[in-house]
Amino acid sequence: MATGQQWVLVEMVQAFYEAPAYHLILEGILILWIIRLLFSKTYKLHETYKLTEKEKEELIEEWQPEALVPPVSKDYPTLNYDVVTGPPSHKITINGKDCINFASFNFLGLLDNERVKQKALASLKKYGVGTCGPRGFYGTFDVHLELESRLSKFMKTEEAILYSYGFATIASAIPAYSKRGDIIFVDEAACFAIQKGLQASRSLIKYFKHNDMEDLERLLKEQELEDLKNPRKARVTRKFIVVEGLYINTADICPLPELVKLKYKYKVRIFLEESMSFGVLGDHGRGVTEHFGVNIDDIDLISANMENALASIGGFCCGRSFVIDHQRLSGQGYCFSASLPPMLAAAAIEALNIMEEDPDVFRVLREKCKHVYNALQGTPGLKLAGVPVAPALHLELERSSGSRESDMKQLRSVVDYCMERHVALTLARCLEKEERFLPPPSIRVVVTIEQTEEDIQKAVACIREAASALLIS
């Protein structure tokens, strides 16, 4: 063994003598450089200057901290509340003034319905006020399961899932399925809840022009060509189309039949947000699928809140069982928020009972929507946005001043003018710095089943009078 080690040492010495001179010089330089790095300091100590107490005080006085939030004017609209006393039903009391309500999304007039209130009261006495726990932690009550069953049967789907907050419904559903690396095609007019869901998903977002199916197909074709270049990546990339049934920002209906054709042509999934169309469109209030006669199984996921037509709180998603069950594990709003208070679930069940017992309410609502739509046509200084069957229409300035703030003030003056004459309207509000595509300023006019012919005539006359007095110079 010792002889072998000696032989290796002899070979190393021999190789050292036989090596070229430049090779030895280079190795020597490298060795010296390594030694220098090991023993040298990585930084140099600079001479520090010690401040006097006076200099410290002067620097402190000069320092101005950066503002935590940007400055906002005290007369900013959202900082000045219109205070409601009493139920915001057909008649509403705002700032002590009794008005006809053309502002609240109480489309079917169920908010102050006696049957709904009695069911909610009975549930309050039985279960208490809240739940104090998410669905997975003793927050699942029998009334929740009953409501989920009723919603799935009403919508003619396999299963439904409840959320305790309407905004969180679609905002939780999107990131439950679409992840980083997936692709979502979204209408530019998508509501803010959808935008938050897109942001949480961290997927690649591709926006198409509002209700423009040619623009959507262009994007789908471009993606199809990209997929051909990298088929391995395409196989693991999920693609979604996200739209609203009835857009809250534009009062337009999505062209669902054309979307379904594109779904099967380009092999994508459709998520349909129906908060404004559920309980409004269709002969039985099932939404835009019933409105167009589209098979609901062609839609991968439907979401809606229960805060409009059902006059409750929260939201739901419905679809095939395997799709919905995934949300019970991945829906953030479902997993981490306290579940829906039982009294609100009971109120929603009774509201569904009323909708099923009297489907004629949807015909009456559509007729009133068409009546208001036609009556508001040609309002001086204002243009009407939306479709005739939309229960929440938008009145925009015919000629913008070029300043959003100025436009909002003009529209606010119309709202205040009507308020003084006991007609309650509202400005459509949005987070201006957060919106991906900022909608134009508008007055929202909400139609409900409780409004009489006299109410509608008074409101239309008041709006026309206000517009003539304040907008036409």
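Considered as a group, the residues in the range 54-97 that are in contact with a strand residue (DSSP E or B) (Cβ under 8 Å, 6 or more places away or on another chain), surrounded by fewer than 12 Cβ atoms within 10 Å (Cβ to Cβ) and of a type outside the set (Val, Ile, Thr) include one that is modelled with the lowest pLDDT, and that residue is GLY86.
In the range 222-235, the condition of being under 24 Å from the mean Cα position of the chain (by Cα) and open to solvent by less than 70 Å² (accessible area, probe 1.4 Å) is met by no residue. Just one of (1) out of contact with any strand residue (DSSP E or B) (no Cβ under 8 Å at 6 or more places or on another chain); (2) outside the structural domain of ARG135 (by the TED database); (3) surrounded by 14 or more Cβ atoms within 10 Å (Cβ to Cβ); (4) modelled with pLDDT of 95 or more fails for TYR373. It is (1).
Yes or no, residue by residue, for (1) of a type in the set (Asp, Glu); (2) surrounded by 15 or more Cβ atoms within 10 Å (Cβ to Cβ):
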residue	(1), (2)
ARG218	no, no
TYR247	no, yes
ASP252	yes, yes
PRO255	no, yes
GLU258	yes, yes
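Look at the range 84-95: where a residue is in contact (Cβ under 8 Å) with a residue 24 or more places away in the chain and a partner is open to solvent by less than 40 Å² (accessible area, probe 1.4 Å) and assigned to a strand (DSSP E or B), sitting 6+ places away or on another chain with Cβ atoms under 7 Å, you get SER89/ASN101; HIS90/ASN101; ILE92/CYS99; ILE92/ASN101; ILE92/ALA424; ILE94/ALA424.
Given the criterion over 20 Å from LEU329 (Cα atoms) and either open to solvent by less than 20 Å² (accessible area, probe 1.4 Å) or touching a residue at least 12 places away in the same chain (Cβ under 8 Å) (or both), identify the matching residue among ILE184, ILE174. Working first, answer last.
Working: ILE174 fails: over 20 Å from LEU329 (Cα atoms).
That would be ILE184, the only listed residue that is over 20 Å from LEU329 (Cα atoms) and either open to solvent by less than 20 Å² (accessible area, probe 1.4 Å) or touching a residue at least 12 places away in the same chain (Cβ under 8 Å) (or both).
Listed by first and then second residue, the pairs linking a residue in the range 125-148 that is in a helix (DSSP H, G or I) to a residue that is open to solvent by 60 Å² or more (accessible area, probe 1.4 Å) and of a type in the set (Val, Ile, Thr), with Cβ atoms under 6 Å apart and 6 or more places separating them unless they lie on different chains, form an empty list. It is to be established whether one or more residues within the range 432-441 are within 19 Å of GLY378 (Cα to Cα) and not in a loop (DSSP other than H, G, I, E, B). No - not one qualifying residue is present in the range 432-441. The condition of being loosely packed, with under 14 Cβ neighbours inside 10 Å, over 25 Å from the mean Cα position of the chain (by Cα) and in the same structural domain as LEU393 (by the TED database) does not hold for GLU432.
For the range 270-317, a residue qualifies if it is over 20 Å from the mean Cα position of the chain (by Cα) and open to solvent by 10 Å² or more (accessible area, probe 1.4 Å), and the qualifying residues are ASP283, HIS284, ARG286, GLU290, HIS291, PHE292, GLY293, VAL294, ASN295, ILE296, ASP297, ASP298.
Need a quick list: helices (runs of 4 or more DSSP H) entirely within the range 319-380 having at least 2 residues that are acidic (Asp, Glu). Steps first, please.
On the way: elements: 321-330, 332-336, 342-357, 360-376.
It comes to 342-357, 360-376.
Being modelled with pLDDT of 95 or more and part of a loop (DSSP other than H, G, I, E, B): is that true of VAL260 here? When the stated conditions are applied, VAL260 does not pass them.
Within the range 404-415, does at least one residue satisfy the condition of being free of Cβ contacts under 8 Å to residues at least 12 places away in the same chain, charged (D, E, K, R) and assigned by the TED database to the domain that holds VAL83?
Yes, because at least one residue in the range 404-415 is free of Cβ contacts under 8 Å to residues at least 12 places away in the same chain, charged (D, E, K, R) and assigned by the TED database to the domain that holds VAL83.
The helices (runs of 4 or more DSSP H) located wholly in the range 171-256 that include 2 or more residues which are in contact with a strand residue (DSSP E or B) (Cβ under 9 Å, 6 or more places away or on another chain) and either farther than 20 Å from VAL288 by Cα or not assigned by the TED database to the domain that holds VAL268 (or both) occupy 192-201, 213-229. Quick check on ALA461: is it free of Cβ contacts under 8 Å to residues at least 12 places away in the same chain, open to solvent by less than 60 Å² (accessible area, probe 1.4 Å) and closer than 22 Å to PRO380 by Cβ? Considered against the rule, which asks whether it is free of Cβ contacts under 8 Å to residues at least 12 places away in the same chain, open to solvent by less than 60 Å² (accessible area, probe 1.4 Å) and closer than 22 Å to PRO380 by Cβ, ALA461 comes out as yes.
The values are calculated or read from the model by the stated rules, or taken from the named source; none is laboratory data. Note that the coordinates shown come from a computational prediction; the quantities given were computed from them, not determined experimentally. Neighbour counts run over all protein chains shown; Cβ positions are idealised from the backbone, glycine included. All accessible areas refer to the heavy atoms of the entire protein, side chains included, with ligands and DNA or RNA removed. Shrake-Rupley method; radii C 1.70, N 1.55, O 1.52, S 1.80 Å.
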